[in-house]
1. Could you run through segment 274-303 and say how many residues are assigned to a loop (DSSP other than H, G, I, E, B) and within 19 Å of residue 80 (Cα to Cα)?
2. If only one of 194, 181 is crowded, with 17+ Cβ neighbours inside 10 Å, out of contact with any helix residue (DSSP H, G or I) (no Cβ under 8 Å at 6 or more places or on another chain) and either modelled with pLDDT under 95 or within 29 Å of residue 105 (Cα to Cα) (or both), which one is it?
3. Just give me the residues in segment 277-298 being over 14 Å from residue 49 (Cα atoms) and in contact with a helix residue (DSSP H, G or I) (Cβ under 7 Å, 6 or more places away or on another chain), in sequence order.
4. Of all the residues that make up segment 133-151, how many are in a helix (DSSP H, G or I) and touching a residue at least 60 places away in the same chain (Cβ under 8 Å)?
5. Which of the strands (runs of 3 or more DSSP E) found entirely inside segment 29-121 contain at least 2 residues meeting this: touching a helix residue (DSSP H, G or I) at 6+ places or on another chain (Cβ under 7 Å)?
6. Give 74, 53 a once-over and let me know the one that is under 30 Å from residue 256 (Cα atoms), free of Cβ contacts under 8 Å to residues at least 24 places away in the same chain and out of contact with any strand residue (DSSP E or B) (no Cβ under 9 Å at 6 or more places or on another chain).
7. Need the failing condition index for residue 6 against (1) on the phi > 0 side of the Ramachandran plot; (2) touching a residue at least 60 places away in the same chain (Cβ under 8 Å), just the number.
8. Considering only segment 220-233, state which residues are in contact with a helix residue (DSSP H, G or I) (Cβ under 9 Å, 6 or more places away or on another chain) and either modelled with pLDDT under 90 or surrounded by fewer than 24 Cβ atoms within 10 Å (Cβ to Cβ) (or both).
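The values are calculated or read from the model by the stated rules, or taken from the named source; none is laboratory data. These numbers were taken from a predicted model, which means no experiment stands behind them. Methodologically, a virtual Cβ is constructed for each residue, glycine included, from the backbone with ideal geometry; neighbour enumeration extends over all protein chains shown.
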């Protein structure tokens, strides 16, 4: 690992609301609990990797000198995330409200004024010295993500591209096609777990990736390459929340790949990391490697096997 993992993403304060059930249009729902965290996946991935002893650098937008900005900077400090993010007297700090109900439905409302423009002007020179580039590629920040892909490609740095459920657009597919060591990560809902292999195969063909990894919530994940398919079941946990579970998975996956592990073991560590993320509170420590190994060695697995073939999943619904 000659350099840090450079994570390129946006940075926002997050409020996580829990409701009994989502209301029908025109009606309300009681908020049972409000917790605070951060977004997007990139900062959480950097924090989880740092706890595993991997050097990281977060490239993201600045936040304002307001209450939410103080919360975000405090979070980065608490988890020792290396970044050039500062506070400025300008527009309000970006925010996200994520709402989840008892049925497991989760949606979010991002308020990201000026974020895309700020990310488009980021200094990406640290990417050239990275061991890996982790890039969040949601529809809302696709332009800056394509620019970051170009910086990694020019320097020959391998990429973990996180679609986060967003579709692989023609612009992104063109940007990544032929990138060395490209790994694409996305997700499907638990109910669509059986379709994960087909989703992975479709992205593999379109992006020309070395591997495509699709997480399927409680059912684990599947990883597909040109000649191999790996299915890893999830771990049984008591779920407190699912905020940034995919980011924690990315950290475990990256740790394994950086250390030359086989893909099955890398995905397994990712599943363990995502499981502990769902089980721990938002201010609890990120798990160390020994804790993840303990999960792998002791926890029961979800008894579900992802099929080798499945109907193609319709275009994803996520916009982040």
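1. Let us first name the residues in segment 274-303 that are assigned to a loop (DSSP other than H, G, I, E, B), namely 280-288, 299-300, 302-303.
Restricting the remaining residues to those that are within 19 Å of residue 80 (Cα to Cα) gives 280-288.
The number of residues fulfilling the criteria is 9.
2. Only one candidate passes the filter, namely 194.
3. First, the residues of segment 277-298 that are over 14 Å from residue 49 (Cα atoms): 278-284, 293-298.
Across segment 277-298, the qualifying residues are 278, 295, 296.
4. Residues flagged as in a helix (DSSP H, G or I) and touching a residue at least 60 places away in the same chain (Cβ under 8 Å) within segment 133-151 amount to 6.
5. Filter on segment 29-121 gives 33-39, 56-59.
6. That would be 74, the only listed residue that is under 30 Å from residue 256 (Cα atoms), free of Cβ contacts under 8 Å to residues at least 24 places away in the same chain and out of contact with any strand residue (DSSP E or B) (no Cβ under 9 Å at 6 or more places or on another chain).
7. Status for residue 6: all satisfied but (1).
8. Within segment 220-233, 225, 226, 228, 229, 230, 231, 233 meet the criteria.
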